[in-house]
Structures are given as C-alpha cells and as structure tokens.
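What follows is one structure encoded as structure tokens, with my remarks underneath.
Quick note: the coordinates plus some simple rules give every number you see, no bench work behind them. Remember, it's a predicted structure, so these values are computed and weren't measured experimentally. In this analysis, Cβ positions are derived from the backbone assuming ideal geometry, glycine residues included, and neighbour counts consider all displayed protein chains.
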Amino acid sequence: MKKNIGLAVVLVLIVIAISTFIKQQTDKNHKIAQVGYEVNLTQEEGLQKGQIAPNFTLQTLTGESVTLSDLKGKKVILNFWASWCPPCRAEMPHLQEYYEKDAEADNTIIIAANTTYNDQGADNVQKFVNSYDITFPVLLMPEDNIIKLYEVLTIPSTLMIDTDGRIQYYIQGPLDEEAIRAYIAKLD
C-alpha cells in the first residue's frame, strides 16, 4: 500500500513537472514582442464610416472660401450635384426646405458642391440657384479633384458628417426632406 501511495505521489509530481514545462514553452511561443497601440482616430482621414472627412476648400458663388474642417462643431450635409442632373433637380427643393425649417435648430449646415467643371460654368449654376431660391452655400468645383477625392460615382451623392468631422453616412441618389431629417437625427 505504501508503495502504491509513493508511486502515486511520484506520478503526480511528474504530471505537475510536465504541465509546468508545457505551460512555460507555450508562454514562450506566444510571447508578444511589442504590444499593439491605440490609433488616434481624430487624425485618420478617409471615406469609411467614422473617419474624418477629407478636407478641402472651395469658393462659393459669392466668392467666399469654405473649408470643410472649419465646420467642425456642426453637422454637415455635403451634397454633390449638377444643374443638368434630374435627380439633383428633384432633391434641391427638399434640401432648401430642410435648411429653412430645421437646419439651425439641428445645428446643421448644408454645403452643395456643384460639379462646375461639367456644368457649363458658374453663370449657369447661379441661374439654377436663383430659380430654386437656394439660400444654403453652393460651392463651385472648377476641377474634378474633389469628386475624385471623395470617390463620387453618381450624383447626387450626399455625405452626412457629424460634429467631430467624421463621415457617418454616404448616400447615393436623391434625398427627400423626411430622409434628411432621419439621417440628421442619427448624428452627434
């Protein structure tokens, strides 16, 4: 009986030794040389949800400069459009109606970036703005670099940007007033 107890103790000690050895080897093999680091998203610019919207500066029809990053602290509706585009024409009254009724209370600004480089120039854009009584800022894009930067494939396209300057929604196609309100309500 003493022999069996002694043998059992020896076996337990061997199992413990082997287990300890295996654990030490496993720990060595899974040792991380450098622990990861947190990425500061406030510096990450891009087109993915949660990334800072790529910055740009464009001129309005009245010659004022508008820089997107200067609008932090407000919710931004960034709309890409052209006067010759039927869905853009259908959408404009909805954007204007929202702007007049709710934009100020919602801490929201609309900036409508016109594809001036393919829209017969600023005079044509001004005629369109006058005919629709547009009062929100209309930006002129004399070149296609901003469209390329934002990878806009179709117009109208609209980005909903939160108060931190982060893209939250990217919508292709026209929006009506109800949809605009619904998207803005989801922004911080």
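Note that segment 148-158 has calculated 3J(HN,Hα) couplings of 5, 4, 8, 6, 6, 9, 9, 10, x, 10, 9 Hz, one per residue in order, obtained from phi through the Karplus relation 6.51 cos²θ - 1.76 cosθ + 1.60 (θ = phi - 60°); glycine and proline are x.
With viscosity 0.692 mPa s and temperature 37 °C, the Kirkwood radius over alpha carbon pairs of segment 140-188 converts through Stokes-Einstein to a diffusion coefficient of 274 µm²/s. Peptides 64-74, 79-89, ordered by how many other C-beta atoms sit within 10 Å of their residues on average, highest first, read 79-89, 64-74. On a straight-distance basis, which aspartates and glutamates could pair with Lys101 in a cross-link, Cα separation under 20 angstrom, same-chain partners fewer than 8 positions away excluded? The qualifying aspartates and glutamates are Glu91, Asp133, Asp162, Asp176, Glu177, Glu178, Asp188. Close amide H pairs (under 5 Å, H built 1.01 Å from N) link Asp164 with Gly73, residues at least 5 positions away or on another chain. Residue by residue, segment 111-126 carries 3J(HN,Hα) couplings of 10, 9, 8, 7, 7, 4, 4, 10, 10, 6, x, 5, 4, 5, 5, 4 Hz when phi is fed to the Karplus relation 6.51 cos²θ - 1.76 cosθ + 1.60 (θ = phi - 60°); x denotes Gly or Pro. Summing charges over neighbours of Asp102, with a neighbour being any other residue whose Cβ is under 15 Å away from its Cβ, gives -2 when K and R count +1 and D and E count -1. Counting only residues 5 or more places away or on other chains, whose amide H sits under 5 Å from the amide H of Leu139 once H atoms are built in the peptide plane? Residues meeting the amide H criterion: Ala112, Ala113, Asn114. Charge dipole of segment 59-188 (Cα centre as origin; +1 on each Lys and Arg Cβ, -1 on each Asp and Glu Cβ, all else neutral): 180 debye, rounded to the nearest 20.
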